[in-house]
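Have a look at the structure below before the remarks.
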Amino acid sequence: MDGDAEPRVKPAPFEYELPDSVEAALRLLGEDARVIAGGQSLVPLLNFRLARPGRLVDVSRLDELAYLRRSGGTLRIGATTRQATLERSRLVAEHWPLLTQAVALVGHPQIRNRGTVGGSIAHADPAAELPVALSALDARFHCRSLRGERRLEAGELFLGPLTTAIEDDELLVEIEVPPLPAGCGTAFVEHARTHGDFAVAGAAAVVAPGHAAIALLGAGPVPVRASAAERALVAGASSRDAAALVAELAGGEHRAALLAALVREAIERAAA
């Protein structure tokens with residue numbers, strides 16, 4: 001093979017910074033900077049030069065952002081919390097089981113040991129489970145810069161594949177998850193070609209008396225809420241009828257059928 005034809009597997013040159021506080025990290029952010037924590041999503045992009053930041057800001061040692069807390073019924077997740085920590089949390093399993101169900105499907109244990117919750121959100125991979133689960137849970141995302149702090153909902157945060165509304169000088173610092181309704185059941189189901197591979201399609205369901213939330217993976221470039229199916233469930237529709245309403249959100253007959261089957265399964269598991 002000709003040398004010029006070989007794939008690039010080394011990052012382009014960049015400055016590397018390892019701040020010891022959130023304030024120090026914020027001072028390093030800007031137009032030509034990228035944030036890295038676990039590196040499970042960004043490092044492959046760097047190696048193939050699909051991302052070419054002039055500066056890499058490593059927030060992996062910001063212990064002030066590594067926490068799981070319940071405050072006033074609300075779950076607060078620090079952005080550098082490891083996915084494995086979320087998976088093992090009894091607090092989360094008891095009160096927000098959808099997150100436990102979703103994170104268990106993220107790659108393999110080695111990936112969850114390194115990957116962070118905030119990294120999965122900020123990377124905005126269309127095939128990622130956590131953005132979909134957090135969308136179904138009506139989570140809010142706290143972003144901070146030297147200019148101040150703002151809070152975004154999922155519909156405001158996720159703009160497209162690998163694209164969010166987080167500004168160049170902002171850092172995602174916390175995910176806020178409200179309490180689930182009384183009598184609630186949840187489920188996360190997906191279809192992947194092999195175990196641990198990226199999901200082709202998936203569905204997150206939160207079902208309670210008078211409440212339904214369904215978020216879809218694979219129906220578009222960002223997590224999609226199935227509003228029509230939610231309204232139908234609340235009005236008393238069967239899982240089959242509610243699931244049929246997601247077909248218009250999917251592109252192609254096969255994907256529509258797959259999503260409808262996954263939504264029906266998620267609804268029935270949550271209701272059980």
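At-a-glance table
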{"read-out": "Distance between modelled label sites at R27 and H211, nm, 7 Å Cα→Cβ extension", "value": "4.3 nm"}
{"read-out": "Net charge, R151 excluded, C-beta distance under 15 Å - Lys, Arg +1, Asp, Glu -1", "value": "-3"}
{"read-out": "Helix runs (DSSP H) in the chain reaching 24 Å along axis by Cα, Kyte-Doolittle at least 0.5", "value": "none"}
{"read-out": "Carbon plus sulfur fraction of accessible area for the stretch 172-272, probe 1.4 Å, in percent", "value": "54 percent"}
{"read-out": "Most mobile of E17, E230, E87 in a GNM of the chain (Cα contacts under 10 Å)", "value": "E17"}
{"read-out": "Formal net charge of residues neighbouring A66 (Cβ-Cβ distance under 15 Å; K, R +1; D, E -1)", "value": "+1"}
{"read-out": "Residues whose placed amide H lies under 5 Å from that of L159, excluding near-sequence neighbours", "value": "T164, A165"}
{"read-out": "At most 15 other Cβ within 10 Å, DSSP loop - trypsin sites (Lys or Arg not before Pro), the stretch 28-112", "value": "R49, R61"}
{"read-out": "Ordering of 18-24, 134-140 by packing [mean C-beta count within 10 Å, highest first]", "value": "134-140, 18-24"}
{"read-out": "Kirkwood Rh (inverse of mean 1/r, distinct Cα pairs), the stretch 230-269, angstrom", "value": "10.0 Å"}
{"read-out": "Cα-projected label distance for V43 with A228, points at 7 Å along beta-carbon direction, nm", "value": "4.4 nm"}
{"read-out": "Added length on full extension, which subtracts the Cα-Cα distance from 0.36 nm per residue, S145 to D168", "value": "7.4 nm"}
{"read-out": "Fluctuation leader among A235, A244, A219 - the chain, Gaussian network, Cα springs under 10 angstrom", "value": "A235"}
{"read-out": "Whether the stretch 1-110 is rounded, prolate or oblate, judged on the alpha carbon gyration tensor where a/c under 1.5 counts as rounded", "value": "oblate"}
{"read-out": "Lys/Arg +1, Asp/Glu -1 at C-beta; the stretch 1-106 dipole; positive extreme among V92, V57, N47", "value": "V92"}
{"read-out": "For the stretch 119-195 and the stretch 34-98, distance of Cα centres in Å", "value": "11 Å"}
{"read-out": "Surface per residue (accessible, 1.4 Å probe) for the chain, Å²", "value": "48 Å²"}
{"read-out": "Size of electric dipole in the stretch 188-272: Cβ of Lys, Arg +1 and of Asp, Glu -1, about Cα centre, debye, nearest 20", "value": "60 debye"}
{"read-out": "Loop-resident sites, the stretch 141-171, for trypsin sites (Lys or Arg not before Pro), counting at most 11 other Cβ within 10 Å (DSSP)", "value": "R147"}
{"read-out": "Percent of C-alpha pairs per 10 Å bin, the stretch 203-265, short to long", "value": "25, 60, 14, 1"}
{"read-out": "Global geometry of the stretch 49-169, whether rounded, prolate or oblate, following the gyration tensor of its Cα atoms and the 1.5 cut on a/c", "value": "rounded"}
{"read-out": "Counted charge near A260, where neighbours are those whose Cβ lies closer than 12 Å (Asp, Glu -1; Lys, Arg +1)", "value": "-1"}
{"read-out": "Pair E248, R55: separation of 7 Å Cα→Cβ label points (nm)", "value": "4.8 nm"}
{"read-out": "Candidates G119, G155, G218: whichever shows maximal mean-square fluctuation once the chain is modelled as a Gaussian network with Cα springs under 10 Å", "value": "G155"}
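The values are calculated or read from the model by the stated rules, or taken from the named source; none is laboratory data. Owing to the predicted nature of the structure, the values given are computational and were not obtained by experimental measurement. Note: ideal-geometry Cβ built from the backbone for every residue, glycine included; neighbour counts use all protein chains shown. Accessible surface is based on the protein model in full, side chains and every heavy atom, while ligands, DNA and RNA are left aside. Shrake-Rupley method; radii C 1.70, N 1.55, O 1.52, S 1.80 Å.
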